[in-house]
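The values are calculated or read from the model by the stated rules, or taken from the named source; none is laboratory data. Everything numeric in this text was worked out from a predicted model, so none of it was measured. As a convention, Cβ positions derive from the backbone with ideal geometry for all residues, glycine included, and neighbour counts pool all protein chains shown.
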Amino acid sequence: MFEFELLGKSGNARLGIIKTKHGKIETPIFMPVGTQGAVKAVTKDQLLSTKPQIILGNTYHLYLRPGLDVLKKFGGLHKFINWDLPILTDSGGFQVFSLAKEKNVKGKHKTEVILTDEGVKFKSHLDGSWHFFTPEFVIEIQKIIGSDIIMPLDVCPPYPVSHGTAKDAVDKTIRWLVRSKNTERLEHQALFGIIQGSTYQDLRKESALKTVELELDGYAIGGLSVGEPTTFLYEMTEVVTDIIDEDKPRYLMGVGTPENIVECVDRGVDMFDCVMPTRNARNGTLFTTYGRLNIKAAKYKLSEDPIDPECDCYTCKNFSRGYLRHLFNAEEITGMTLATIHNLRFYSKLMENIRISIKNNDFQKFKYNFYKKYGNGNGS
């Protein structure tokens, strides 16, 4: 039930379509993050108004809460959250390591991760209970979730990391990927391989070549946007996209800013996800055609202008910058909701315009005009 068709190119930028059980996805695409079965601060109808084609959930979080018993009872995540469009689920490997590190740093409670050849043993960040993820179990969890695109358990090293540690992560990720591929999944579920290697070109090439050899449904670039300089993000993306087959979708995990997306589309990436539009919205940072703006700033107190005069979202059609500023300064939850609606629509509209430019074979013109407007960075 999963197919990818490459419809055209403009330089290295690619136009395509992914077909899944729950609908078609036009690429390049940005996927809003609904980690625990909900995109934060918006209802389903509000989310749909921003015109998403697919959302992302997280295996680690859904496994811990609501739990497999609940997901089984409701017949999977689609039915549980009443969502008819495609869903991609991350394996949760990144969260196992990153949340453990985060809790240790913040000192909230003791956490621990034990990495073995069989899998990873970890303590829940919720209650400290022990759990064990193997590549096979992670696929089993995603069978219960019922997502359309599933990710294998991988080892995502932090940045910076030694070449030796990054090499070990690549080797273990490949071994686990073989086991994941050999684990039965639902007929409609597409399995993507995750390419690791940190910021080392030789390891990225090795990981990409070995992953592509397994002939999977698609390929993801992992382990970037974890604190490395942006130059490495672009360099490693180029290394990998030069190796991945043209007839398979390419997914850059956890990326990113509007600039990151434009640059990585230019390097042949098809799929993106990131918490940035929703998280920034809840903090009062809004993305506009003319750059970011901090809606809490005093200069917007009397502004009758919409957030973005070129945006067609519900927020921009109905409310002023002055009103949004008031909501945030009064700590009204409605402000977070309206800001989230806008940021999500900004991202989906950005992808729409990118797809149009590739179809017209003038992506470089689009990129030039994007930076000409967005590059001033003051949102005005």
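Each row is one residue, and each column tells you yes or no for (1) modelled with pLDDT of 95 or more; (2) surrounded by fewer than 17 Cβ atoms within 10 Å (Cβ to Cβ); (3) closer than 30 Å to Lys21 by Cα.
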| residue | (1), (2), (3) |
| --- | --- |
| Ile87 | yes, no, yes |
| His125 | no, no, no |
| Ser129 | no, yes, no |
| Val138 | yes, no, yes |
| Gln142 | yes, no, yes |
| Pro152 | yes, no, yes |
| Cys156 | no, no, yes |
| Gly164 | yes, yes, no |
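In this structure, Gln36 does not qualify as closer than 28 Å to Lys365 by Cα, in the same structural domain as Phe137 (by TED's automatic domain parsing) and polar (S, T, N, Q). Within region 146-182, the residues that satisfy the criterion of being closer than 22 Å to Pro249 by Cα, touching a helix residue (DSSP H, G or I) at 6+ places or on another chain (Cβ under 7 Å) and among the aliphatic types (A, V, I, L, M) are Ile150, Leu153, Val155, Val170, Ile174, Leu177. Among the conditions (1) modelled with pLDDT of 95 or more; (2) within 16 Å of Ile145 (Cβ to Cβ); (3) out of contact with any Leu (no Cβ under 6 Å at 6 or more places or on another chain), the only one that Ser49 does not satisfy is (2). Set side by side, the residues Glu235, Glu246 differ, and just one is farther than 22 Å from Gln95 by Cβ, assigned by TED's automatic domain parsing to the domain that holds Val33 and in contact with a strand residue (DSSP E or B) (Cβ under 8 Å, 6 or more places away or on another chain), which is Glu246.
When Leu177 is tested against (1) surrounded by 15 or more Cβ atoms within 10 Å (Cβ to Cβ); (2) under 22 Å from Ile55 (Cα atoms), only condition (2) is not met.
For region 300-329, the set of residues classified as loosely packed, with under 12 Cβ neighbours inside 10 Å, in contact with a helix residue (DSSP H, G or I) (Cβ under 9 Å, 6 or more places away or on another chain) and in a helix (DSSP H, G or I) consists of Asn318 only.
Can you go through Lys317, Lys301 and tell me which one is under 20 Å from Leu48 (Cα atoms), over 25 Å from the mean Cα position of the chain (by Cα) and among the basic types (Lys, Arg)?
Working: Lys301 fails: under 20 Å from Leu48 (Cα atoms).
When all the criteria are applied, what remains is Lys317.
Only one entry in Asp148, Asp245 is over 20 Å from Phe133 (Cα atoms) and within 18 Å of the chain's Cα centre (by Cα), namely Asp148. If you go through region 317-349 and pick out every residue that is in contact with a strand residue (DSSP E or B) (Cβ under 9 Å, 6 or more places away or on another chain) and without any contact (Cβ under 8 Å) to a residue 40 or more places away in the chain, you end up with 2. Figure legend. Inter-residue proximity from region 159-174: first residues of a type in the set (Lys, Arg), second residues in a helix (DSSP H, G or I) and crowded, with 20+ Cβ neighbours inside 10 Å, beta-carbon distance below 8 Å, spacing 6+ or different chains. Indicated pairs: Lys167/Leu203.
Right, Ile358: modelled with pLDDT of 95 or more and assigned to a helix (DSSP H, G or I) or not?
The answer is yes for Ile358.
With respect to being touching a residue at least 24 places away in the same chain (Cβ under 8 Å), touching a strand residue (DSSP E or B) at 6+ places or on another chain (Cβ under 8 Å) and acidic (Asp, Glu), Asp273 fits the description.
In region 330-353, the count of residues that are over 30 Å from Cys264 (Cβ atoms), more than 26 Å from the chain's Cα centre (by Cα), of a type outside the set (D, E, K, R) and surrounded by 15 or more Cβ atoms within 10 Å (Cβ to Cβ) is zero.
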